[in-house]
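To keep things clear, I will list the structure first and then write my remarks on it.
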Amino acid sequence: MIVDKNKEDFLKQSLEKLKGIGLIRAQTLAKELGLKTVEDLLWYFPYKHIDRSKILPVGSLKNENGYVQVRGQFYDFREVYSLNNKSRLEAIFFDNTGSVKIVWFSNYKWVLNKYRIGETYYLFGRISRFGDEAYIAHPEISTEEQFKHLPILGKFQPLYGTTERMKKQGMDSRFIMRIIQQLISMLPEQMEEVLPFHILKRLKLPSFPDAFKWVHFPESVEQYERAIKRFKFQEALAIQLRNEISLRERKKQPSSVVIHKAGKLFHLFYRYHLPFTLTRAQERVIKEIFTDLKSGFRMNRLLQGDVGSGKTIVALLVALIVIGNGWQVAMMVPTEILAQQHYERIKSLLELLPVNVSLLTSSTPKKERKLLLEGLKEGQIDFIVGTHALIEDVVNFKKLGLVIIDEQHRFGVVQRAKLQLKTTYSPHVLVMTATPIPRTLAMTLYGDLDLSVIDELPPGRKPIQTMHFTESFRYRAWDLMKREVLSGHQAYVVYPLIEENEKLDLIALEEGFEAIKREFSRFAIVVDMLHGRMKQKDKDTIMNQFREGKIHILVSTTVIEVGVDVSNATMMIIEHAERFGLAQLHQLRGRIGRGGEKSYCLLITPDQVGSEAMERIQVFLSTMDGFKIAEEDLKMRGMGEIEGTRQSGQHTFRFIEPIGDEKILFFAQRMAKFILQKDPMLETPSYVCLKELINRSFQGMYFSDIA
Ligand code: ADP
Ligand code: MG
C-alpha cells in the first residue's frame, strides 16, 4: 500500500493543533470523551440531528419537547430577582400564533445590548418546563440574514454529546459541530479508502469522505442512512473477515491430540452409569463434538444451552472420550462454589470408573496443592476441576487433551488464551455458556468458534410461576415462601451486589437476613446467609448444609447465580429485582424448577419503579425462553450492555444492531468468504485495502500473520 505521509499525519494529528482547541481543551476532550486525534473526532458521531428547515408556530410549543426552532419577535426584556438575590433575564417571544418565555440565567448583558424589540429573529433551543409553563433557556438567536447563512450544511444540524466540564470550557455541541465541519471540508484528499471501490459501487455506498460528511451534515435523511449503512457494512465486513481468517488459521493447525474412537471408558459409563436418558439435543451435541475430536484439527467449540439444559453431563461424556484415549482434561469454572459442586457431582458419577478426579482452587491447602501439581505433571490425575487457580503459571500438565470452560461469559479472552499456552501443543477447547445468545450475535462475537446448541430441556420440567410484588405486598411473598418451606421445600432469597457500593449492599443483605430470621425462625425454619466475602470454609459449610436440606432458606448475594444445583429448592425471592438485568434474572431463575415440582420465582421491588426496569420485569414475567429474553435484552439495552460481552473484552458492535441488521451481517459473511477464496492473503490491488480495514478495526491484534 502506498502511504502518503501527509495523509497519515493529518488524521493522526492531535487535537490541540486545531484552531480553537489548544492544550487545555484538548486535554479535556481526551479525558471526557477519549478523543485525542483528528480521526477520533471524525468518528465522534452526532447522537441526533435537528431539522433546521422546520419552523414551528410559537403557539404550538407547549406541546413540544426537545429542540425547536421558531421565528418571531421579542417584547419586554426584564431582569428578575429571585429570593437569594440572583438575577436572571426574561423575555417574551411571539409570533401571530402565541408567545413563549425566554430565559437567560447568567451573563445576559450582551443580550440586552444586541437584540431589539420589534425586529424579527430565529430562535433555536430546547424546551424546558417549570410547572406547566414551557420556556426556552439560552436559545441560539439569528437574524434573518444570519439564518440564511447558518453554518450548517444542508438543513440538519448535528447534536453532539458533551459533558459539564466541556461546556464550562466553551465546548458545547455547536462548538464540536464547527470543528468537525472544518475538518470535513479538508477531508476529500486526506482520506484513504478501506473498502474496495467496486464493492462500494455495487452496493451504492458512499466513499469514506462522503460517508463522514453525510453522517455529520446530511442534506437528507436518505443521505444519512446511506452513510450509516456504509459504516455498518464496513464493521460487519471487518468482523467477518477476521472470523473467517482465524477460523481458517485454526483449521490449518493439526492437533496432536488425535482421538480415533470413543473408547471403553465412554461406553462403560454410557451403558451402565448414565443416571438418565440423554435428550436428543444432548446426543446430537456429543456427536458434533466427537466429530471435531476425530478430525485431526484443533476443536474450538462453543456449547450453548439454556440454564438447566444439561451441559454438565455432555461435558462429562466428552471428557471420558478424551481420558479414555489417554489424555488429561481440565475443567475451569468461574466460582469456588461451582467448582466444588461440579467436582462432587462428577466424582460421584464416576465413582465406579477408573478415573482420577481432583479439585484445585485458590483455597486448596498448600500441601495438597503440591501433590496435585505433581499429579498433573506426572499424569496421574485424569480430570481436574478448578477455578482461575488452574491457569496459574505453576500448573503444568503431562498430556492435556481437552480444556472445558464452563460459563465462559465470566472469563476473559486473555485467560482463555493463557490456559491454552500451558502446553506446547494445542488441546481441544470446549466453551460452555448458559447465556443464550441470539444466533446472529454468536456468529459474530464467536464467529471463529464452531457452535453447538442444546435447544431442548430434559423432560419433566414444570414451568416456574413468576410473580412481581412491590414492597407493600412483601408479606404475600413471604407467605408463599412460608408455605413452600413448611411443605418440605427450600428457598433462595437473593440480594443484588454491585461492586461499587458493595458495603451498602452487604448491609442490605444482612438486614434482610435478620428480618427473615425474625419472621421465619418461629416456625422452626432454618435461615442462613451466604456472600462472596465470607471465608471459603464457611461458604462450603453453608452450601453443603443447604444441599443436604439442613438450611431451609438461604439468603445470599448473586454468588448462587451460576450453576448451583439443588433440586429441592422450589422458591426464589429476588430482592430489588429492578436492579438486575434481564439476562441475570434469567440465570437466577434457572436455579429453581430443577426437580419435577412446581416452582415460584418472586420479584420484589420498591413501590415506585422506573419505566425501563418495569419493562424488563414485564418481559421477564411473560416468558421462560432464554433466547427470547436475550433478544429482548438486546433490543432494550443494545449490544454494549449485554452481560459478559463487555467484561470478556470481546469486540462489540459500534454501528450494527444485532437484532435488525441480520441481513447485513449475513451478507458480509458471504462476501468475506468469497473475497478470501479469491484472494486468501488480501494482496491483490482490489482487496489490499481490506488488510488496512482489519488492522484499523482490531488494531492489528488478531492476526499478525497476515496483517
Ligand atoms: P446446565 O446446562 O445449566 O449446566 P446441568 O448440567 O446442571 O444444566 O443440568 C441440570 C439438571 O438437569 C441436573 O440436575 C441434571 O442432572 C439434569 N439433567 C441433565 N440432563 C438430563 C436428562 N437428559 N434427563 C434428565 N435430567 C437431566
Ligand atoms: Mg452448568
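The values are calculated or read from the model by the stated rules, or taken from the named source; none is laboratory data. From a predicted model like this one, the values you see are computed outputs, not experimental measurements. Counting neighbours? That spans all protein chains shown, and the Cβs are built from the backbone with ideal geometry, glycine included. Ligands, DNA and RNA are stripped out before the accessible areas are found, and what is left, the full protein with its side chains, is counted by its heavy atoms. Shrake-Rupley method; radii C 1.70, N 1.55, O 1.52, S 1.80 Å.
Out of all the residues in segment 339-348, is one or more without any contact (Cβ under 8 Å) to a residue 60 or more places away in the chain, away from ligand 1 (no atom under 14 Å from the Cβ) and more than 20 Å from D292 (Cβ to Cβ)? Spell out how you get there, then give the answer.
Taking segment 339-348 first, the residues without any contact (Cβ under 8 Å) to a residue 60 or more places away in the chain are 339, 343-344, 346-348.
Filter once more, so that each one left must be away from ligand 1 (no atom under 14 Å from the Cβ): 347.
Cutting the leftovers down to more than 20 Å from D292 (Cβ to Cβ) gives us 347.
Checked segment 339-348: at least one residue is without any contact (Cβ under 8 Å) to a residue 60 or more places away in the chain, away from ligand 1 (no atom under 14 Å from the Cβ) and more than 20 Å from D292 (Cβ to Cβ).
Please go through segment 315-337 and pick out each residue that is within 10 Å of ligand 2 (Cβ to nearest atom) and buried (at least 24 other Cβ atoms within 10 Å of the Cβ). Full working, then the answer.
From segment 315-337, those within 10 Å of ligand 2 (Cβ to nearest atom) are 315, 333; that's our starting set.
Once the filter is applied, which keeps residues that are within 10 Å of ligand 2 (Cβ to nearest atom) and buried (at least 24 other Cβ atoms within 10 Å of the Cβ), segment 315-337 yields only V333.
Suppose the filter is in contact (Cβ under 8 Å) with a residue 12 or more places away in the chain, more than 31 Å from the chain's Cα centre (by Cα) and either more than 19 Å from G626 (Cα to Cα) or more than 16 Å from ligand 2 (Cβ to nearest atom) (or both); does D538 pass it?
No.
Suppose we keep only residues that are open to solvent by less than 10 Å² (accessible area, probe 1.4 Å) and assigned to a helix (DSSP H, G or I) within segment 587-612. Which one would you say is nearest to ligand 2 (Cβ to nearest atom)?
Top of the filtered list is Q587.
Six or more apart or on different chains, Cβ under 6 Å: which pairs go from a residue in segment 213-227 that's touching a residue at least 24 places away in the same chain (Cβ under 8 Å) to one that's in a helix (DSSP H, G or I) and of a type in the set (A, V, I, L, M)? Could you list them?
If the second residue must be in a helix (DSSP H, G or I) and of a type in the set (A, V, I, L, M), the pairs left are K213/I184; V215/A227; H216/I180.
I184: buried (at least 17 other Cβ atoms within 10 Å of the Cβ), in contact with a helix residue (DSSP H, G or I) (Cβ under 6 Å, 6 or more places away or on another chain) and of a type in the set (V, I, T), yes or no?
So I184 passes the test.
Enumerate the helices (runs of 4 or more DSSP H) found wholly within segment 213-305, keeping only those where 3 or more residues are open to solvent by less than 20 Å² (accessible area, probe 1.4 Å) and under 30 Å from G596 (Cα atoms).
280-294
Could you say whether any residue in segment 550-558 is in contact with a Ser or Thr (Cβ under 9 Å, 6 or more places away or on another chain), open to solvent by 10 Å² or more (accessible area, probe 1.4 Å) and charged (D, E, K, R)? Quick ask: steps written out before the conclusion?
Filtering segment 550-558 for residues in contact with a Ser or Thr (Cβ under 9 Å, 6 or more places away or on another chain) gives none.
Looking through segment 550-558, none of the residues is in contact with a Ser or Thr (Cβ under 9 Å, 6 or more places away or on another chain), open to solvent by 10 Å² or more (accessible area, probe 1.4 Å) and charged (D, E, K, R).
Results for (1) farther than 26 Å from F45 by Cα; (2) of a type in the set (A, V, I, L, M); (3) at pLDDT 90 or above; (4) in a loop (DSSP other than H, G, I, E, B), shown as yes or no for each residue.
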{"site": "K663", "(1), (2), (3), (4)": "no, no, no, no"}
{"site": "K673", "(1), (2), (3), (4)": "yes, no, yes, no"}
{"site": "L676", "(1), (2), (3), (4)": "yes, yes, yes, no"}
{"site": "T684", "(1), (2), (3), (4)": "yes, no, yes, yes"}
{"site": "I694", "(1), (2), (3), (4)": "no, yes, no, no"}
{"site": "M701", "(1), (2), (3), (4)": "no, yes, no, yes"}
{"site": "A707", "(1), (2), (3), (4)": "yes, yes, no, yes"}
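If the Cβ limit is 7 Å and pairs must be 6+ apart or interchain, which residue in segment 565-577 that is closer than 15 Å to Q341 by Cβ pairs with which residue that is more than 16 Å from ligand 1 (Cβ to nearest atom) and of a type in the set (G, A, S)?
Correct list of pairs: A569/A491.
Determine if segment 512-523 includes at least one residue that is β-branched (V, I, T), open to solvent by less than 40 Å² (accessible area, probe 1.4 Å), assigned to a strand (DSSP E or B) and more than 16 Å from ligand 1 (Cβ to nearest atom).
Within segment 512-523, the first condition is being β-branched (V, I, T), and the residues that meet it are 516.
From the residues that got through so far, the ones that are open to solvent by less than 40 Å² (accessible area, probe 1.4 Å) too are 516.
Filter once more, keeping what is assigned to a strand (DSSP E or B): none.
No, because not a single residue in segment 512-523 is β-branched (V, I, T), open to solvent by less than 40 Å² (accessible area, probe 1.4 Å), assigned to a strand (DSSP E or B) and more than 16 Å from ligand 1 (Cβ to nearest atom).
Taking segment 359-372, which residues are open to solvent by 70 Å² or more (accessible area, probe 1.4 Å), outside any loop (DSSP other than H, G, I, E, B) and in contact (Cβ under 8 Å) with a residue 12 or more places away in the chain?
Within segment 359-372, none qualify.
Can you tell me which residues in segment 302-325 are more than 10 Å from ligand 1 (Cβ to nearest atom) and touching a Lys or Arg at 6+ places or on another chain (Cβ under 7 Å)?
Residue satisfying the conditions is G324 alone.
From the residues in segment 338-358 that are hydrophobic (A, V, I, L, M, F, W, C) and open to solvent by 30 Å² or more (accessible area, probe 1.4 Å), which one is farthest from G310 (Cα to Cα)?
L352
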